[in-house]
Amino acid sequence: MFFSGDPTTRKRVDLGGRSSKERDRQKLLEQTRLERNRRLWLRQQNSAALKIEVLFPLERIDHHEYLALLQKCFRGRKVAEAERAKVREQFHLTYGKHCQNVDRHCFGPDSEFLRQLIFFFNPRNVNDFSVLVETFRLLQQFVQDSGDVVGLFAGMDYSSNHSLVAYRVKRLSFACIQAIHQNRNQLKEQLSMSLEESSSPTSILLQGLVLLLDPKLPWACKTVGYLMQRNVFSLFREVVLTAKENISARDSSGKVSALECVLALMISHVGQNPSICSNIDPQWSFSSQILTIPFLWQLFPYLKEVFASQSLSQYYSNQMALCVQNHTNVLPTDMSNKFPGYACLLGNVLETAAAALSQPDCSFEMAIDLAAVITFLLEALPHIKSSSRESSTMGDDDMTIGDEVVEIVLDGNLEQQITNAIDSRFLLQLTNVLFGGISTVRDSHTEGPDEKEVAAVGAACAFLHVTFDRLPLERIMTVLAYRTELVPVLWNFMKRCHQNQKWSSLPEQFSYLLGDAPGWLLPLHMLMIVDNEEFYEQEKPLSLKDVRCLIVILRQALWQLLWVNPSAHPGLGKSVSNTSSHRRHPVEAIQNRVGTVAAELLSQLQDWNNRRQFTPPSDFHADGVNDYFISQAVMEGTKAHDILKQAPFLIPFTSRVKIFTSQLALVRQRQGAHGVFTRNRFRIRRDHILEDAYNQMSALSEEDLRGLIRVTFVNEFGVEEAGIDGGGIFKDFMENITRAAFDVQYGLFKETSDHLLYPNPGSGLTHEQHLQFFHFLGTLLAKAMFEGILVDIPFATFFLSKLKQKYNYLNDLPSLDPELYRHLIFLKHYKGNISDLELYFVIVNNEYGEQTEEELLPGGKNLRVTNENVITFIHLVSNHRLNFQIRLQSSHFLRGFQQLIQKDWIDMFNEHELQLLISGSLESLDVDDLRRHTNYAGGYHGEHYVIEMFWEVLKSFSLENQKKFLKAGGAASEEALDRLPTSATCMNLLKLPPYRSKEQLETKLLYAINADAGFDLS
């Protein structure tokens, strides 16, 4: 009890001698007893109702009579049990305890044999079970002798006795299933036996059931309907799960088990036309109860063939699709966290999908239903990690920054079943049925797509989008590599919608997933699977002209969604499986989803444009970005800020730089970085600059790192260099330390053939504490950016991707190893038998002359590369070189980097722009801009003749000399006494003597900027 603040509150005391806790406990026990008695009474009523149905199965009674009988039966429960015992005793006297007095006439309509057996049979009674087994044995014997099962039950006139016969067969069949279910633990070793193995009780019962459920028999439909109304699939589920180990352990003789035959007969019945079975609750259907059993087809391969037939697949796909549309949760309780029902159902459906779609008479409607079901189940699936090390791009220490790590709980074999089933054959069959009648070259000036095309595109879009989100990358690459013609189909659809201003919604089957909004944007991630030659040279799968048009459409649509007409709740679309949010805000959910996908695709297209420009960068910029938008983008919680995070390319680079610098300035202002006192002073020996910087900077906290750092250099004689650090000495320090630390001779970084830097995969061989050094270097680079200091460090693009926590693809490989890229592209387009090349899923690492062999997949050294898996091999090799090899170095570099530079800031820029932030532009120096921001002193002013000469000389310099001039602001010349231009770098001050001619000024200035110096003579 919490103190309420009222001093008058008193603890209540029970004067009856019991504490309040004890009194409450007694009250709770009494309530529990009453509730237990009430439930018992209800169970007894239900049991009595069932007994009435048994006693009076064919009579029609009204409500009052029913209640009277219910009460009578409830009161006379023991009387009913005694009556059953009496009938059972009479049965034994007449027919024998082992049915030794039974002949074929006992099965006829005039005999009491079946009536009495059905009445007293109890599956828990051992003797009743034996009688039932013997009954089914005799049934099979008599039918085998006469060949007439109908005559056995109906006699000479079936038409007169059909109701009685149908009733007896239904009850007998249900009794058989009850008997097996009730005794499943004792019978589990017999459940795997085939029809030929007829000696066991289980086989006898199941064989008899097969006999009674023969589709040719006149009562078959009513019997199957009756059994399904009794929820027998739930009983079969428990039977199968109990005997699962025994069934899977049987020999591979190819014989069909009797249990499998019964299930096949029952599911085949519903596919017949016409079928007069009444509809049953989906919760108790074959799909919910049996298809959710893990690895069902491994247990019952014959059942798999039956299920994959066209009529059955279509029927069950439609039933499951109806449940999907209605958001109906009909699945049984999960067996365990590793085997959730939806995942088991997905694996079993996928395993038969390709075969079902390949049927000659497979309908378009079935493909739509099947796609809807698979998409829905994939949506619920947790992200499946790559079987390779794709998911390990940020390191083996499970370190992820800014993202929550979600543990995958699915059983590994279940994951494998799902990923293996979504193969190129499946996608080929699905798309053939969906797009079989749709042309890729239709006239774009027609009225637009028809309903069938909308449905086909919607199905493909939803499926591909969820597949990209859920399955491992190499699996998707393999699947889609052979279906790049999908992109022209989808693009043609999209272009016609755009030209006719007729944007279609996804079909009703996918309303649960995407709501009522366009779905055409979702699948164009497929552009990532093509290589550079296909994209740029062959212009596949789209021409560059079409890609430019696509950029315009995506940009306009995205700007419309995010800025002009936003109705989405921020963050609603981030969780793909957040179906409850989707239902509450269907329009907002789809807008978030489409916005996310459009942004991702535009970002990918911008990457292509950065590799080799095919369209002006301004094509990615929205038309409505103005000063008001920029002012809003700085403030968190605004629409503009959300757009800056989700689609930064819509905003011109210069505007984003302004936002970035203002964010840095705001942090520095909060930190008091420009205060009078400086806490952190470094004493750096020039000949030990890296060691001293590492030791002193590593000791600083994040708060100290954000503050000012002042540097004093010590020369080789141990004497401090003259000069007061007003910012320039620190800038010189940063330039020198980065030049030393990132030098390839130091061993932490290597360079590509284009002299671009990336982490050395073998850094651990040269430095024991290499990961701590990478953390330090990340902090060092971040400090330079934080202080606005440009450093001349040209990084490889694929390494800059790691600062953005991005995954590198095959198309990034040329920036690292052009020769390896050419070899992989050769393999991709190889026309012969790749197995002849004797390649395996291994890769050889060569660091400092030491060769090591590493498997790309578990067991890769024994897994040969073939035409079927070569795409997987190609992407695994790329992943190894671009992501896996440098995962530890990159993750520690990123840790250090994010101490000062937030992820949101970096995400505003692509890799090309990020390099500009680090090193500045290498293309030109804006001398006019530099002049506008220059202050003058010592008698100089903007119109002074010496100043006019100076700017003319600087403009005439080459780009290289202009860069040297800028750097000269960070180092003074030792020839200062010869009246050369000198720099007071502690405050970025240029000391310019009053030269009389332009030629003299140019000569002296060139001499000064090409001299290296310290600070002794500044």
Could you go through the range 138-145 and let me know if any residue there is modelled with pLDDT of 90 or more, more than 25 Å from A220 (Cβ to Cβ) and surrounded by fewer than 14 Cβ atoms within 10 Å (Cβ to Cβ). no
Within the bounds of the range 633-656, is there any residue that is within 22 Å of Q915 (Cα to Cα) and more than 33 Å from the chain's Cα centre (by Cα)? yes
Is there any pair linking a residue in the range 841-853 that is at negative phi and part of a strand (DSSP E or B) to one that is basic (K, R) and surrounded by 10 or more Cβ atoms within 10 Å (Cβ to Cβ), with Cβ under 7 Å and at least six apart or on different chains, and which? V842/K861
Of everything in the range 764-823, what is in a loop (DSSP other than H, G, I, E, B), within 24 Å of V667 (Cβ to Cβ) and not charged (D, E, K, R)? Give them in sequence order. G788, I789, L790, V791, I793, Q805
Out of all the residues in the range 314-331, which are outside any helix (DSSP H, G or I), surrounded by fewer than 18 Cβ atoms within 10 Å (Cβ to Cβ) and not β-branched (V, I, T)? N326, H327, N329
K216 passes all but one of (1) in contact with a Lys or Arg (Cβ under 8 Å, 6 or more places away or on another chain); (2) of a type in the set (D, E, K, R); (3) without any contact (Cβ under 8 Å) to a residue 24 or more places away in the chain; which number fails? (1)
May I ask you to list the residues in the range 773-805 that are within 28 Å of the chain's Cα centre (by Cα) and either buried (at least 21 other Cβ atoms within 10 Å of the Cβ) or among the basic types (K, R) (or both)? T797, F798, F799, L800, S801, K802, L803, K804
Checking L888 against (1) crowded, with 22+ Cβ neighbours inside 10 Å; (2) aliphatic (A, V, I, L, M); (3) more than 27 Å from Q769 (Cβ to Cβ), which test does it fail? (3)
Considering each residue of the range 116-128, count those that are out of contact with any helix residue (DSSP H, G or I) (no Cβ under 7 Å at 6 or more places or on another chain) and either over 22 Å from Q182 (Cβ atoms) or among the aliphatic types (A, V, I, L, M) (or both), and give that number. 1
Is it the case that the range 564-574 has a residue that's at pLDDT 70 or above, part of a helix (DSSP H, G or I) and more than 22 Å from F468 (Cα to Cα)? yes
Checking the condition under 25 Å from S921 (Cβ atoms), crowded, with 18+ Cβ neighbours inside 10 Å, touching a residue at least 24 places away in the same chain (Cβ under 8 Å) and not assigned by TED's automatic domain parsing to the domain that holds E960, which residue from N760, N736 passes? N736
Of all residues making up the range 782-840, the number that are among the small types (G, A, S) and in contact with a Phe, Trp or Tyr (Cβ under 7 Å, 6 or more places away or on another chain): 3
Restrict the check to the range 857-875 and report whether at least one residue is touching a strand residue (DSSP E or B) at 6+ places or on another chain (Cβ under 7 Å) and among the charged types (D, E, K, R). yes
Any residue at all in the range 113-121 that is within 28 Å of Q190 (Cα to Cα), assigned to a loop (DSSP other than H, G, I, E, B) and without any contact (Cβ under 8 Å) to a residue 12 or more places away in the chain? no
Identify the residue in the range 226-265 that is modelled with pLDDT of 90 or more and of a type in the set (G, A, S) and, among all such residues, is surrounded by the fewest Cβ atoms within 10 Å (Cβ to Cβ). S234
N935 passes all but one of (1) among the polar types (S, T, N, Q); (2) farther than 30 Å from I843 by Cα; (3) at pLDDT 85 or above; (4) not assigned by TED's automatic domain parsing to the domain that holds Q1000; which number fails? (4)
Could you tell me which residue of the range 341-358 is nearest to the chain's Cα centre (by Cα), considering only residues that are more than 19 Å from F286 (Cβ to Cβ) and surrounded by fewer than 24 Cβ atoms within 10 Å (Cβ to Cβ)? A354
Any chance Y809 is touching a Ser or Thr at 6+ places or on another chain (Cβ under 9 Å), of a type outside the set (A, V, I, L, M, F, W, C) and buried (at least 20 other Cβ atoms within 10 Å of the Cβ): yes
Regarding the range 793-805, can at least one residue be identified that is among the aromatic types (F, W, Y) and farther than 20 Å from N760 by Cβ? no
Could you check, for the range 538-561, whether at least one of its residues is over 18 Å from M494 (Cβ atoms), modelled with pLDDT of 60 or more and among the charged types (D, E, K, R)? no
Only one of A740, A699 is part of a loop (DSSP other than H, G, I, E, B) and out of contact with any Ser or Thr (no Cβ under 7 Å at 6 or more places or on another chain). Can you tell me which? A699
Total residues in the range 881-931, condition hydroxyl-bearing (S, T, Y), out of contact with any helix residue (DSSP H, G or I) (no Cβ under 9 Å at 6 or more places or on another chain) and at pLDDT 90 or above: 0
Within the range 606-647, restricting attention to residues that are of a type in the set (G, A, S) and surrounded by 19 or more Cβ atoms within 10 Å (Cβ to Cβ), which residue is farthest from V552 (Cα to Cα)? A633
Here is a list of conditions, (1) within 21 Å of N680 (Cα to Cα); (2) of a type outside the set (S, T, Y); (3) at pLDDT 90 or above, and E751 meets all of them except one; can you say which number that is? (1)
Go through (1) within 26 Å of S763 (Cα to Cα); (2) surrounded by 13 or more Cβ atoms within 10 Å (Cβ to Cβ) one by one and return the number of the condition E850 breaks. (2)
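The values are calculated or read from the model by the stated rules, or taken from the named source; none is laboratory data. Quick caveat, the model's predicted, so the values are computed rather than measured. Methodologically, a virtual Cβ is constructed for each residue, glycine included, from the backbone with ideal geometry; neighbour enumeration extends over all protein chains shown.
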